[in-house]
Amino acid sequence: MKPNRISRRDFVKRSGTAGLLMMGMKQLTFAKAVEQTGLKDAFKDRFLMGTAISPRSFEMEGYQALVKREFNAITAVNDFKWERIQPEEGKFEFGWPDQFVEFGQAKGMCCVGHVLVWHSQCPDWVFMNGDKPASKALVAKRMENHIGSVVERYKGKLQVWDVVNEAVDFSNNGPSANGWRKSKWLETMGPEFVDRSFHLAHEADPKAELLYNDYEMQNPGRRDFVVNMIKDFKKRGVPIHGVGMQGHVHLGRPSIEAIDAAITAYATEGMKVHITELDVDVLPMDNKLWGADIATRMEYRNQLDPYTEGLPAEIEQRLTQRWVDLFELFIKHQDSIERVTTWGSHDAESWKNWFPIPRRTNYPLLFDREMKPKRAVEAIKKLVE
Ligand code: GLA
């Protein structure tokens, strides 16, 4: 099966600067390029540069300008999730998703749909029939209706879908016996809920690029499980085109070698690799909490929040180096990597100030709390100059 790939060059071509160049308006183009150069321009021959946006950030002064200048791909943080887009059966909330798509389309950006089927942020009614658990047939019908309605509405407008999010069980030593995460989806439909989601998304928009998305995708146990899933999907004609490696990483882990090996493993299966939710956590972390299960919470303690007054120079240097190491790796795999998306743009909006411990001061993104580029931005751009 040949995946329907989006072409990053198409997006670049559609963007203002290149479009004007093609029309021969070189003078004007130069002025525009100086004004608008950002990460998307630095990496334009390699991969798309994306960010995740939410309605709250969208209203902040200077935010839209930042997104337009730096990025050519967008994901909505929450507003395509089931609990937001179909909070009650048959009641769809397309208001903000429509605005999101209009914003992205107006700028020729790649718009990513996140997410169709996930155990989290999915309302209880999906699995209930009155006060009894819903049957497999009813849940399957609801899935069909949800995916059909949402994907068809944005057919041709969203180029990529995270079809299934976080369906694999997680432990540091590898997946558990059956490998699939215990969830209502698994409980009611069995593992076929994963196949079914991909088939339905493909029927609704045959041109969209369909991804399996998860965290800790470099963990060898998870990686091997996902590789086997892909092999099995290919054998059975389940339409999967790529993987989303979320990439919620920390200063010291996971190792670049592990990420490297995983990208190679997915690419070897013919998958396009998308880095879908990148951020770099600099704060102390309890060993039990690696990963990004959003159900995890810990209590606030001062010693777990050491940088409220700013980052010490030594930590900032390590942080810059971490971004450099990651981008060096992405550049090495530029033929397999379609997109690198950071989970937000500037530190103030990051979920990492709240997860897994609320109200900490974290520094996980490429732009600071005033939306100014950090040293890491210059440093990763230098890699391609
Ligand atoms: C996971 C999900 C995202 C988001 C983050 C937390 O990674 O895929 O949608 O909820 O958790 O912000």
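The values are calculated or read from the model by the stated rules, or taken from the named source; none is laboratory data. Since we're looking at a predicted model, the values are computed, not measured. Cβ placement follows ideal geometry from the backbone for every residue including glycine, while neighbour counts extend to all protein chains displayed.
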What is the residue count in region 355-372 for residues that are within 21 Å of the chain's Cα centre (by Cα), at pLDDT 95 or above and not charged (D, E, K, R)?
7
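Go through region 205-259 and report how many residues are among the charged types (D, E, K, R), exposed (fewer than 15 other Cβ atoms within 10 Å of the Cβ) and farther than 23 Å from L158 by Cβ.
Count: 6.
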Check region 203-220 and report whether any residue there is at pLDDT below 95, assigned to a helix (DSSP H, G or I) and closer than 23 Å to L329 by Cα.
yes
Within the set of pairs 6 or more residues apart or between chains, which connect a residue that is in a helix (DSSP H, G or I) inside region 99-125 to a residue that is among the hydrophobic types (A, V, I, L, M, F, W, C) and modelled with pLDDT under 95 with Cβ atoms less than 6 Å apart?
none
Checking F170, F233 in turn, the sole residue that is closer than 28 Å to G50 by Cα and part of a loop (DSSP other than H, G, I, E, B) turns out to be F170
Matching entry among F193, F233 (being more than 16 Å from the ligand (Cβ to nearest atom), more than 28 Å from P356 (Cβ to Cβ) and at pLDDT 95 or above):
F233
If you take the residues in region 115-152 that are in contact with a helix residue (DSSP H, G or I) (Cβ under 8 Å, 6 or more places away or on another chain) and among the charged types (D, E, K, R), which one is nearest to E209 (Cα to Cα)?
E152
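Given the residues V117, V112, which is the only one that is farther than 14 Å from L158 by Cα, within 14 Å of the ligand (Cβ to nearest atom) and buried (at least 21 other Cβ atoms within 10 Å of the Cβ)? Break it down into steps so the answer makes sense when it comes.
On the way: V112 fails: farther than 14 Å from L158 by Cα.
Answer to the check: V117.
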Here the qualifying pairs (Cβ atoms under 8 Å; residues six or more apart or on different chains; first in region 227-250 and among the charged types (D, E, K, R); second more than 15 Å from the ligand (Cβ to nearest atom)) come out as K231/E269; D232/V238; K234/M1; K234/I240; K234/E269; K234/G270; R236/D195
Only one of (1) within 16 Å of the ligand (Cβ to nearest atom); (2) of a type in the set (D, E); (3) not in a helix (DSSP H, G or I) fails for E93. Which number is that?
(1)
Provide a single number: the residues in region 159-180 that are within 16 Å of the ligand (Cβ to nearest atom) and either at pLDDT 95 or above or surrounded by fewer than 19 Cβ atoms within 10 Å (Cβ to Cβ) (or both).
8
State whether one or more residues within region 251-267 are in a strand (DSSP E or B), more than 16 Å from the ligand (Cβ to nearest atom) and touching a Pro at 6+ places or on another chain (Cβ under 8 Å).
no
Looking only at region 282-293, decide whether some residue is surrounded by 14 or more Cβ atoms within 10 Å (Cβ to Cβ), away from the ligand (no atom under 16 Å from the Cβ), modelled with pLDDT of 95 or more and under 29 Å from A65 (Cβ atoms).
yes
For region 334-344, which positions are part of a loop (DSSP other than H, G, I, E, B), away from the ligand (no atom under 14 Å from the Cβ) and under 18 Å from the mean Cα position of the chain (by Cα)?
Q334, S336
Those residues of region 137-158 which are more than 30 Å from K107 (Cα to Cα), surrounded by 17 or more Cβ atoms within 10 Å (Cβ to Cβ) and either under 22 Å from the mean Cα position of the chain (by Cα) or among the acidic types (D, E) (or both), in sequence order:
M143
